[in-house]
Amino acid sequence: MLTNKKLGFIGGGNMAEAMVNGLITASFIEAKNILVSDPISERLEYMHSEYKVKTTSDNRELVQKSDILVIAVKPQSVKKILKNFADLVDGEKLIVSVAAGVPISLIEEILDGKSEKKVPVVRTMPNTPALVQEGVTAICRSEHVTKTEMKIVHRIFEAIGRTVDVEEGHIDAVTGLSGSGPAYIFMIIEALSDAGVKMGLSREVANILTVQTVLGSAKLARESGKHPGELKDMVTSPGGTTISGLHALEEGGLRTTLMNAVENATRRSMALGKTSAKTDRNMSEDGGE
Ligand SMILES: NC(=O)c1ccc[n+]([C@@H]2O[C@H](COP(=O)([O-])OP(=O)(O)OC[C@H]3O[C@@H](n4cnc5c(N)ncnc54)[C@H](OP(=O)(O)O)[C@@H]3O)[C@@H](O)[C@H]2O)c1
């Protein structure tokens, strides 16, 4: 349990709630050591009544009281919000960002400069199954983050699923795979369920069969540690039903389609990153936000 640190969330939206819920359920930190800031008072009231965390609408107050800061606001707001409290941040506070597409260098640029010790910044990319504590979070760090700080960050995100370390250069690929991945799987679930209905099953039965098949297969793949090809062979008997189904998937180009999906999403993530970097530069040249 994290006993001697205060964890502050800037932004009390969906991702912050998923993390607070996971952290409290996992007993990793006591609610009294969690602070949440948000401009919407109803949201703060909800977070306090639901999780008993401390709340404030003043980001500067939250920053002063926190040892670890989780930046959980929309990417386009990050720059403006960080500037508002940059003077309060020194190398002793650990900065953890979940904002998609915001590079470590941008956060450092705004927050560094106050103290001798560089501000340690961790950039993460969680995904939506975090809402049910089955997310996966890719974590990358700046060179100023210590091993102990990384351990804490891993423990924080383990409360909402699993974690992996990646180089920041791979974060677009992470976005294309696990960030966008839930949407691919939801589309597959919808299509399989439709197929069940086409074959005469009720929608309710088709949904249950599909969702549990996807969940069970993922669990089997994770827990057996076996290669997915081996698991596929286990249900594929010679001349049987499954090989006929698989033939149709090969004919439809399922593998190529999924590889194209991840490649396209990765490229899109790279392009969006470049556009926002450009906009950012133009804005600072104009002196505006
Ligand atoms: N949800 C996901 O699955 C997911 C996955 C990966 C990464 N992320 C990242 O996580 C971040 C948050 O996403 P989200 O889905 O949690 O968004 P969200 O639900 O919109 O939460 C953001 C919250 O921050 C609040 N906020 C706005 N300005 C603020 C300020 N000045 N000070 C403090 N709080 C402020 C927003 O209030 P208002 O509504 O008034 O603006 C909102 O409640 C994003 O950067 C996103 O890229 C999310």
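The values are calculated or read from the model by the stated rules, or taken from the named source; none is laboratory data. As the structure is a prediction and not an experimental result, all values here were calculated from the model. Here the Cβ positions follow ideal geometry from the backbone for every residue, glycine too, while neighbour counts run over all protein chains shown. The area values use the complete protein model at the heavy-atom level, side chains included, leaving out ligands, DNA and RNA. Shrake-Rupley method; radii C 1.70, N 1.55, O 1.52, S 1.80 Å.
Between the listed residues MET125, ALA26, PRO228, the Cα displaced farthest toward the positive end of the dipole of the chain, a dipole computed from Cβ unit charges relative to the Cα centre, is found at ALA26. What is the angle, in °, between the Cα long axis of helix 241-251 and the longest principal axis of the Cα atoms in the chain? Nearest 10 is fine, range 0 to 90. Once rounded, one gets 60 degrees. Couplings 3J(HN,Hα) for the range 161-168, derived from phi with the Karplus relation 6.51 cos²θ - 1.76 cosθ + 1.60 (θ = phi - 60°), are x, 10, 10, 9, 8, 9, 6, 4 Hz, where x marks Gly and Pro.
Each residue of the range 30-123 gets 92 Å³ once the volume of the Cα convex hull is shared out per residue. Put simply, the C-alpha atoms of the range 93-204 give a gyration tensor, and the ellipsoid matching it has half-axes of 38, 14, 10 Å, longest first. Relative to the longest principal axis of the Cα atoms of the chain, the long axis of helix 181-198 lies at roughly 30 degrees. The stretch between GLU158 and GLU109, if pulled fully straight at 0.36 nm per residue, gains 14.8 nm over its current Cα-Cα span. The stretch between HIS227 and LEU215 holds 2.6 nm of extra length on full extension. This uses 0.36 nm per residue minus the Cα-Cα distance.
Site pair ARG267 and ALA26 shows an inter-label distance of 3.6 nm when each label is modelled 7 Å from Cα along Cα→Cβ. For the pair SER202 and MET1 in one chain, pulling the backbone fully straight at 0.36 nm per residue adds 67.7 nm over the alpha carbon distance. The orientation-averaged shadow of the Cα convex hull for the chain, equal to a quarter of the hull surface, comes to 18.2 nm². Put simply, the amide H of SER97, placed in the peptide plane, has neighbours under 5 Å in ILE71, VAL122, ARG123, THR124, leaving out anything fewer than 5 places away on its chain.
Provide the FRET efficiency to the nearest 0.05 for the GLU149-GLN76 pair, computing r from the beta carbons and using R0 = 30 Å. My answer for the efficiency is 0.65. Once backbone amide H atoms are built at 1.01 Å from N, VAL136 has ASN127, ALA130, ARG162 as its partners under 5 Å, excluding neighbours fewer than 5 places away on the same chain.
For the range 2-47 and the range 162-212, what is the separation of their C-alpha centers, rounded to whole Å? That distance is 28 Å. For THR256 and GLU42, the FRET efficiency from 1/(1 + (r/R0)^6), where r spans their Cβ atoms and R0 equals 45 Å, is about 0.40.
For the range 180-252, rounded, prolate or oblate, judged on the Cα gyration tensor with a ≥ b ≥ c (square roots of eigenvalues), a/c < 1.5 rounded, else prolate if a/b > b/c? It comes out oblate by the Cα gyration axes. In the calculated pair-distance distribution of the range 7-168, the portion above 22 angstrom amounts to 36 percent of the Cα-Cα pairs. Among all the aspartates and glutamates, which ones have a C-alpha under 14 Å from LYS147's C-alpha, if same-chain residues fewer than 8 places away are not counted? Excluding near neighbours in sequence, the set is ASP165. In the range 7-168, the portion of solvent-accessible area held by carbon and sulfur atoms comes to 49 percent [1.4 Å probe, whole percent, DNA, RNA and ligands not counted].
Within straight cross-link reach of LYS80, meaning Cα distance under 20 Å, which aspartates and glutamates are found once same-chain residues fewer than 8 apart are removed? Hits, sequence-local ones excluded: ASP38, ASP58, GLU61, ASP90, GLU108, GLU109, ASP112, ASP280, GLU285, ASP286, GLU289. VAL36's amide H: which non-local residues (gap 5+, or another chain) put their own amide H closer than 5 Å, with H modeled 1.01 Å from N in plane and none for Pro or chain starts? When sequence neighbours closer than 5 places are left aside, the close amide H contacts are PHE9, LYS54, THR55, THR56. Using a cut-off of 25 Å between Cα atoms, the listed pairs LYS6/LYS118; LYS52/LYS83; LYS54/LYS117; LYS52/LYS118 include LYS52/LYS83; LYS54/LYS117; LYS52/LYS118 as exceeding that distance. Across all Cα atoms of the range 168-212, the radius of gyration (one decimal) and Dmax (whole number) stand at 14.6, 48 Å.
For the range 180-252, carbon and sulfur atoms together expose 66% of the accessible surface, with a 1.4 angstrom probe and every protein chain in place. Using a Förster distance of 41 Å, how high is the FRET efficiency between LYS117 and ASN14, based on the Cβ-Cβ distance and rounded to 0.05? Once rounded, the FRET efficiency stands at 0.80.
Relative to the longest principal axis of the Cα atoms of the chain, the long axis of helix 41-51 lies at roughly 70 degrees.
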